[in-house]
Every structure is written in C-alpha cells, then in structure tokens.
Amino acid sequence: MRIFTYDTTLRDGTQGENISFSVDDKLMVAEKLDELGIDYIEGGWPGSNPRDKDFFSRARDLEFKHARLAAFGSTRYPRNTVQADPNVNALLEAETPVVTIFGKSWRLHTERALGVTEEQNLAMISETVGHIKQQGREVIFDAEHFFDGYEASADFALRTLEAAQEAGADVLVLCDTNGGTVTNRLGEIFVEVRNRFDGVIGIHTHNDSELAVANAITAVELGATHVQGTTNGYGERCGNANLCSIIPVLELKLGHTTVGREKLKHLTAAANFVSETANLSLPNDRAFVGRSAFAHKGGIHVSAVLKEVSTYEHVEPETIGNQRRVLVSDLSGRSNITYKLTEKGLDMRLDAAARRQLLDRIKHLEFEGYELESAEGTFELLVREVLQPDHFFFELERMRVTDEREGSRRTNCHVEMSVKTRDGVCSAEVSASGPFDAMAQCLRKCLSHSYPAVADIRLVDYKVRVLEPNRGTAAKVRVLIEWSDHKRNWTTVGVSDDVLEASWNALVDSIRLELLRLAETDKSLSETVADYSWGV
C-alpha cells in the first residue's frame with residue numbers, strides 16, 4: 001500500500017529543546033527531505049514569526065522534484081471573520097500548494113483555552129477549511145488532541161472531523177498531541193474513525209509514552225495512509241514520531257511503499273544531515289540510522305554474525321544506508337579481532353598466536369580504562385605493533401610545560417621539548433592557549449624535519465572523560481583524540497591519573513600510527529626503523 005509521509009521537522013521539530021534552524025538551514029533541510037522522497041514538507045507557521053514568513057518567501061525559488069510544501073496554521077480566531085483573519089491570510093500569502101489547519105477536537109480546550117461553544121468551534125473549522133479550499137489549495141486538517149478529546153466526548157471529537165471533511169478537507173489527521181494514548185486504545189479509536197469516514201485518514205503521534213512510532217505503525221495497519229512525524233523524532237517535550245524508524249518499518253517489515261527502496265538507502269545520510277544542521281549529535285543507539293544500530297561487541301554475537309548476519313541483524317544495514325560495525329573491548333572474542341583485521345586489510349598478516357596476543361593486550365587495556373570502541377586508531381596501532389615490534393621513529397628526551405598566569409588571568413602555556421629522531425636530537429619551544437595545543441604543536445615541530453608528513457595532520461576533536469569521579473582530583477581520566485590527514489580520520493586514546501600524561505600518550509600514539517602507515521610505502525622510513533642505532 002502507498003503510504004504518504006509528512007515531515008514536520010521544520011515546524012513541530014523546532015519546538016524541541018535545543019533545536020533552532022536559521023532560514024538557510026530550513027531551506028537546506030527541505031531540499032534534503034525532498035531528495036529523500038518525503039511527500040509533504042511542513043515549512044512552518046507563516047503567521048507566527050518573521051523567520052517562517054521569510055522562509056516561505058524564499059522557498060518559492062526551491063524546485064522540489066517530489067515533495068509538496070505545506071504551510072501550517074490554526075483555524076480563524078473566534079472574534080475574526082475568516083476573510084479578515086491575519087493568520088489565515090498569512091497562510092494564503094505563503095503560496096504553498098498545501099495548507100495544514102489544526103482545530104480543537106477536545107471540549108476541554110474549546111471551553112478552557114478558547115472560551116467558545118461547540119457550535120462556534122465547528123464554525124471556525126468549517127469556515128477556515130472551506131475558505132482555503134476555495135483558493136485552490138490542498139487542505140490537511142489536524143484534529144488536535146483528538147484521542148484525548150474522543151475519550152472525553154466521542155461525539156464532540158467526531159463532529160470536528162465531520163465539519164472539516166464536509167468543508168472540503170483532503171486529509172483528516174488524528175493527533176495524539178499529548179502523547180499519552182496507549183497503542184491498543186489508539187487502535188480501537190482509529191478503527192471507529194475509519195469505519196465512519198471515507199477518504200485519506202492520517203496519524204500524528206507524540207512520544208511522551210515512548211509509543212509514538214508504535215502508535216503510528218498501528219494506525220497504518222488499521223487503514224491510515226498518511227503518516228506525520230519528524231526526522232530523528234525531534235519535537236516538543238519528548239518529541240514526535242520518528243520518521244527515520246517509521247519509514248523503514250513500513251518499507252522493510254510491512255511491505256508498504258513510502259519513499260521507495262532506492263531512496264531508502266539515503267535515510268541514514270538524511271538523518272545525519274538534519275542532526276548536523278541542528279548542531280546536535282545523532283544518538284548512537286538510534287534505531288536503523290544510529291552508528292550502533294548494527295554494531296556488535298559481544299564475542300558470541302560477532303562469531304555468529306560472521307557466519308550468518310541475520311543471527312543478530314533484523315535487516316541489512318545497507319538497505320537504509322548504514323553499515324555493520326564490530327567493536328573491540330574486554331568482551332571481545334577472536335571473532336571480533338578477525339572481523340576488524342579483515343576490515344582494515346590486515347587479516348592475512350597475523351597468525352593465531354599473534355591474534356591471541358592482541359586479544360589479551362586489548363582486554364588488559366580495557367581493564368585499565370582504555371576504550372577501544374571509540375579509538376579504532378589505537379586498535380590499529382596495537383595490530384601494527386604486533387606486526388612490527390621493532391619499529392621506532394622517535395623518543396622523548398625531555399619536556400617542560402609551564403602555565404603562566406598574571407593574577408586570575410592566564411597569559412599562555414609554554415612547552416619546551418627535545419625529541420630524538422633518526423636525524424639527531426631536535427628541540428623546540430611553543431606557546432599556545434592551552435597545554436595540549438602547545439604539546440601537539442611542539443612535538444610536530446620537532447618531528448617535521450625528519451618526517452614532513454607529520455606537519456599535514458590536524459586535530460579534529462579532543463575529549464576528556466573522568467573514570468573514577470568518587471576519587472575527586474586523583475581520579476583516572478580517559479582522553480580521546482581525533483586526527484585527520486585530509487584523507488581519513490583516526491582516534492587514539494590515553495588513560496592516566498594525570499590529564500596531561502593521558503593526552504600526551506594519545507598524541508604520541510596517533511603520530512606513531514601515521515608513521516607506521518607511511519612506512520609501508522615510504523622506503524626511507526623503512527630503512528630508518530631497520531637501523532635503530534640512532535635510538536640507542
């Protein structure tokens with residue numbers, strides 16, 4: 001069955017805490033959702049703020065290949081005629097092919113919030129829908145708080161749907177606005193509506209009971225052909241139904257058509273694009289599109305996946321544009337190591353004894369507080385150290401770190417360092433805003449003459465995690481450092497009860513890894529490590 005998708009990230013999603021899009025952001029997200037194959041993109045409420053008004057003005061220049069843009073707003077205000085209502089006029093001035101109108105379907109709201117009678121509420125719905133339909137727009141009616149309203153007075157809630165449909169609404173959407181309806185009850189109410197109304201019935205659910213996706217899927221199974229939600233589940237309070245979960249369930253589990261199988265492969269990329277644009281990290285454990293959605297850590301799991309992926313994967317990650325990952329930790333078995341070696345093209349270079357040695361080393365490091373799941377650069381370094389135990393490139397002779405302050409103001413951090421390389425002892429001094437930055441600059445300065453490639457790597461990210469908070473300032477810390485050589489990124493980890501020592505160890509490992517990689521193709525580096533007399 002064809003199920004129409006309606007994405008309200010740019011309106012309902014922005015009501016979520018810590019989410020804010022500029023007009024340029026909203027335009028880019030709209031284009032990305034169109035590329036994904038979303039049917040309706042709700043751009044905002046043009047009558048509520050200048051940003052949304054500007055968005056709709058600029059959105060006229062967008063050339064969607066598939067999606068239809070929708071403007072969102074309320075029924076006319078009780079005191080206004082529909083022709084003179086500023087909100088209704090702003091909706092029409094947005095010049096979108098689709099207009100979504102929400103109206104009250106819960107008596108509590110009409111009596112307490114609006115202070116109108118049932119007849120006035122029905123007139124507001126009917127007149128607003130009818131007026132916009134007369135202007136040639138497709139009209140979607142969102143029955144706000146429908147399920148709560150139905151429980152309070154089924155007749156009242158149903159009459160709001162009748163008013164909208166008789167006025168010409170193309171779609172009737174049942175909204176679980178408070179997100180408190182449990183799935184079986186939502187299904188019972190939906191069946192009653194489906195039996196009484198023809199045409200397109202939609203569903204709009206919130207996640208306050210962690211049931212938004214389940215409720216939306218249930219409605220589809222009972223006859224809904226229009227599903228509203230947001231990318232990544234963004235939205236007010238606990239969020240909206242997550243289209244990044246709904247779409248693959250409908251496509252891969254239930255055989256419905258939403259964006260189509262070919263475009264489904266772009267779902268993970270779209271989810272990450274929206275999260276990056278919102279300046280939020282996409283949680284690793286997010287179903288289907290998260291980094292951990294197809295990540296395997298336990299040795300028994302990995303062993304089974306290597307033989308048959310369906311043993312611990314319910315769908316193929318490639319179908320939604322994600323990928324399988326195998327993690328290494330103290331829970332790892334030989335299968336984890338085998339998989340990671342194959343992934344990095346090193347599987348034929350370690351025999352069984354070397355793999356056992358590597359696994360034992362990993363488990364010991366994890367016990368000490370290292371985390372190799374997030375530091376695959378350190379894992380690769382451990383492999384290469386087993387392969388090339390006599391490869392040395394540099395040794396630290398001495399280092400002094402000075403943090404200068406004047407009163408309560410820190411002026412700078414100064415590092416003096418001497419490092420022994422194949423070309424002798426090189427010394428350098430660097431002042432920078434912080435100790436790690438100064439150490440990193442100083443080490444690269446010392447090494448750049450002997451190993452010019454070191455000058456090209458750049459810092460991408462630096463994270464510190466306290467491992468034993470109950471020990472206060474004596475606690476161990478874990479430092480994760482991500483680097484890039486403009487071709488690939490890698491992360492290394494250091495652990496110590498001294499944050500500078502942990503940072504230094506991670507820094508040294510990241511550069512040693514890069515030099516070991518280069519030694520495979522650079523003959524001069526290979527000759528250096530073959531003759532290590534300079535380091536003695």
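The values are calculated or read from the model by the stated rules, or taken from the named source; none is laboratory data. Note that the structure is a prediction, hence the values are computed from the model and not measured. Glycine gets a Cβ as well: all are built from the backbone with ideal geometry, and neighbour counts include every protein chain shown. Protein only, heavy atoms only, side chains kept; ligands, DNA and RNA dropped before computing areas. Shrake-Rupley method; radii C 1.70, N 1.55, O 1.52, S 1.80 Å.
Computed with a 1.4 Å probe on the full set of protein chains, the accessible area for His314 sits at about 110 Å². Once the convex hull of all Cα atoms in the chain is built, its volume per residue stands at 204 Å³.
In this structure Arg107 has an accessible area near 80 Å², from a 1.4 Å probe over the protein heavy atoms. Extending 7 Å from Cα along the Cβ direction at Lys133 and again at Met399 yields two label points whose distance is 7.3 nm. Picking from Val88, Thr231, Gln120, whose Cα lies most toward the positive end of the charge dipole for the chain (charges on Cβ: Lys, Arg +1; Asp, Glu -1)? After comparing all options, I get Thr231. Segment Leu459..Arg196, full-extension length gain: 88.5 nm, with 0.36 nm per residue of separation and the alpha-carbon distance subtracted. Between amide H atoms placed 1.01 Å from N, distances below 5 Å from Thr225 occur with Ile201, all of them 5 or more places distant or on a separate chain.
Taking every protein chain into account, the 1.4 Å probe leaves Ser22 with about 50 Å² of accessible area, to the nearest ten.
Of the heavy-atom accessible surface of the range 207-291 (probe 1.4 angstrom), what whole percent is carbon and sulfur? Write out the running numbers ahead of the final one.
Numbers: 1570 of 3250 Å².
Reported share for carbon and sulfur atoms: 48 percent.
FRET efficiency for the Arg112 to Leu467 pair, using the beta carbon distance and R₀ = 56 Å, is estimated at 0.60.
Rounded to the nearest Å, what's the spacing between the alpha carbon centres of the range 138-174 and the range 81-97? Just the number, please. Cα centroid to Cα centroid, the span is 21 Å.
With both residues required to sit in the chain, DSSP beta bridges show an antiparallel share near 50%.
Sorting Met399, Met28 by accessible area puts them as Met28, Met399; the probe is 1.4 Å, largest comes first, and only protein heavy atoms count. Our coupling estimate for the range 427-436, obtained by passing each phi through the Karplus curve with A = 6.51, B = -1.76, C = 1.60 and θ = phi - 60°, is 10, 8, 9, 9, 10, 8, 6, x, x, 5 Hz, Gly and Pro reported as x. Stretched out straight at 0.36 nm per residue, the stretch from Ala352 to Asp437 would grow longer than its current Cα-Cα span by 26.6 nm.
Ignoring ligands, DNA and RNA, please state the percent of accessible area on the range 47-115 from carbon and sulfur, probe 1.4 Å.
Working: 1670 of 3650 Å².
Carbon with sulfur: 46 percent of the solvent-accessible area.
Distance between the pseudo-spin-label points of Asn279 and Glu316 (7 Å out from Cα toward the beta carbon): 4.0 nm. Sparse packing (at most 15 other Cβ atoms within 10 Å of the Cβ) combined with a DSSP loop state is found for the following GluC sites (Glu not before Pro) in the range 79-158: Glu95.
Using the rule -39500 (n - 2.57) for each DSSP H run of four or more residues, divided by the residues of the chain, the 222 nm mean residue ellipticity is -11500 deg cm²/dmol. Averaged per residue, the range 30-100 has 45 square angstrom of accessible surface, using a 1.4 angstrom probe with ligands and nucleic acids left out. Think of a 1.4 Å ball rolled over the protein heavy atoms: the range 215-264 then has 29 Å² of accessible area per residue.
Here r is the Cβ-Cβ distance between Ser22 and Ala269 and R0 is 22 Å; the resulting FRET efficiency, rounded to 0.05, is 0.55. Amide H to amide H, with H built 1.01 Å from N, Thr257 comes under 5 Å of Arg2, Ile3, counting only residues 5 or more places away or on other chains. The phi-based Karplus calculation (6.51 cos²θ - 1.76 cosθ + 1.60; θ = phi - 60°) puts the 3J(HN,Hα) values of the range 115-128 at x, 10, 7, 4, 5, 5, 4, 5, 5, 4, 5, 4, 5, 5 Hz, whole numbers, x for Gly and Pro. Look at where the Cα atoms of the range 392-433 and of the range 254-283 average out, and the two centres are 46 Å apart. Placing dummy labels 7 Å off each Cα toward the beta-carbon, the span from Glu162 to His66 is 3.9 nm.
Backbone phi angles across the range 32-43, fed through the Karplus curve with coefficients 6.51, -1.76 and 1.60 (θ = phi - 60°), yield HN-Hα couplings of 5, 5, 5, 4, 5, x, 5, 7, 10, 10, 7, x Hz in residue order; Gly and Pro are listed as x. Taking all protein chains into account, the per residue accessible area for the range 473-519 stands at 35 Å² (1.4 Å probe). Close amide-amide hydrogen proximity is noted between Gly44 and Phe72, each under 5 Å apart and 5 or more residues distant or on a separate chain (H modeled in the peptide plane; Pro and chain starts excluded).
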